[in-house]
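Participant: Got a structure for you, written out below as structure tokens; questions coming shortly.
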Amino acid sequence: MSRLFRVLIAIALVVALSGATCSRKPDCPPLGVAVRPEPVIVERRVYVPVPPRLTEREPIAEGPIAMCFDVAAQRRAALERANAKLEQIDAIQATGVKP
């Protein structure tokens, strides 16, 4: 056998033997000891879906300066509709869902 081949075998043995001791966690019980399983409680949050009708965009009223009061009234109505939708979404999000 060549000297290089012997060195490679020695390195492979050292790596194999050192890897066996490093792969175990320090808090693991020794090999051959049975481990008693313990239940773990996992909390899962389920979110209530928001209906698509509550996420529709409100149109923004526009018009010439002569229609300023009408445009302002339309914008106020759109703002009130948007606020009503936000209140409905807030009421939905406060509810819980049973998984």
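One line per residue, one yes/no per condition, for (1) touching a helix residue (DSSP H, G or I) at 6+ places or on another chain (Cβ under 6 Å); (2) modelled with pLDDT of 95 or more; (3) among the small types (G, A, S); (4) not in a helix (DSSP H, G or I):
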{"residue": "R45", "(1), (2), (3), (4)": "no, no, no, yes"}
{"residue": "V48", "(1), (2), (3), (4)": "yes, no, no, yes"}
{"residue": "E62", "(1), (2), (3), (4)": "no, no, no, yes"}
{"residue": "E80", "(1), (2), (3), (4)": "no, yes, no, no"}
{"residue": "E87", "(1), (2), (3), (4)": "no, no, no, no"}
{"residue": "A91", "(1), (2), (3), (4)": "no, no, yes, no"}
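Participant: Within the stretch 41-67, work out how many residues are hydrophobic (A, V, I, L, M, F, W, C) and open to solvent by less than 100 Å² (accessible area, probe 1.4 Å). Show your work before the answer.
Facilitator: Initial filter on the stretch 41-67 (hydrophobic (A, V, I, L, M, F, W, C)): 41-42, 46, 48, 50, 54, 60-61, 65-67.
Then drop every residue that is not open to solvent by less than 100 Å² (accessible area, probe 1.4 Å), which leaves 46, 48, 50, 54, 61, 66-67.
Final tally of qualifying residues: 7.
Participant: Please determine, by comparing only the residues of the stretch 7-40 that are in a loop (DSSP other than H, G, I, E, B) and at pLDDT 80 or above, which one is most open to solvent (accessible area, probe 1.4 Å). Even if it seems obvious, please write down each step before you answer.
Facilitator: Taking the stretch 7-40 as the starting set, the residues that turn out to be in a loop (DSSP other than H, G, I, E, B) are 23-40.
The next check asks that each one be at pLDDT 80 or above; those that pass are 36-40.
On the way: R36: 199, P37: 114, E38: 150, P39: 127, V40: 117 Å².
Going through the qualifying residues, I end up with R36.
The values are calculated or read from the model by the stated rules, or taken from the named source; none is laboratory data. Please read these numbers as outputs of a predicted model, since none were measured by experiment. Quick reminder, even Gly has a Cβ in these numbers, built from the backbone with ideal geometry, and neighbours come from all protein chains shown. To get the accessible areas, we keep the full protein, side chains included, count just its heavy atoms, and leave off ligands, DNA and RNA. Shrake-Rupley method; radii C 1.70, N 1.55, O 1.52, S 1.80 Å.
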